[in-house]
Amino acid sequence: MLHPSSHGKYLWLALVSLLLFPFTTSCWFDYTRKCSPNDIQIYQGPSGFSGLHIPQYTVQIVNEASANDGVFDVQLHCGEFASANLIEPSIFKRIGCGICLLKNGKRILPGEVISFEYSNILPYDLSVSQVKC
């Protein structure tokens, strides 16, 4: 237990450290909003058939984050994604085992919608695996 006369010394040290190092703890005065995979919404549904009578699906991916600068390096879990029709690689491409990249990793602004169609017997389960802001 501290001696009652030493309380003033410790209070003074605490105040000085706050004045000299106000931002040393990561949570003090940090009002910036961090982005999360939940900021990216994925909508997909059937949209007819391709020329080869293979089911076609339309995908819309929306950045619902409120960060002014948008998000980038958005990666999706996409399984063994493949399509009977070509998807512009600058919009959506597989980059690894079960991972796909949106817009070549470029920035996606708030409210921006990325849209593409693919053809396959069954739809793929797409979900966000990574997003940076």
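Nothing in this text is a laboratory measurement; each read-out follows from the coordinates by a stated rule. Bear in mind the structure is a predicted one, so any value in this text is a computation, not a measurement. For neighbour counting, all protein chains shown are included, and Cβ atoms are generated from backbone atoms with ideal geometry for every residue, glycine included.
Points to keep in mind about this one:
- 14 Å beta-carbon shell around Tyr124, net charge (K/R +1, D/E -1): -1
- Extension gain (nm, one decimal) between Ser36 and Ile99, 0.36 nm per residue minus Cα-Cα: 21.0 nm
- Unit charges on C-beta of K, R, D, E only; dipole of segment 67-124, Debye: 100 debye
- Volume per residue of the convex hull around the Cα atoms, evaluated for segment 48-90, comes out as 112 Å³.
- Placing unit charges on the Cβ atoms only, positive for Lys and Arg and negative for Asp and Glu, gives segment 36-95 a dipole magnitude near 260 debye about its Cα centre.
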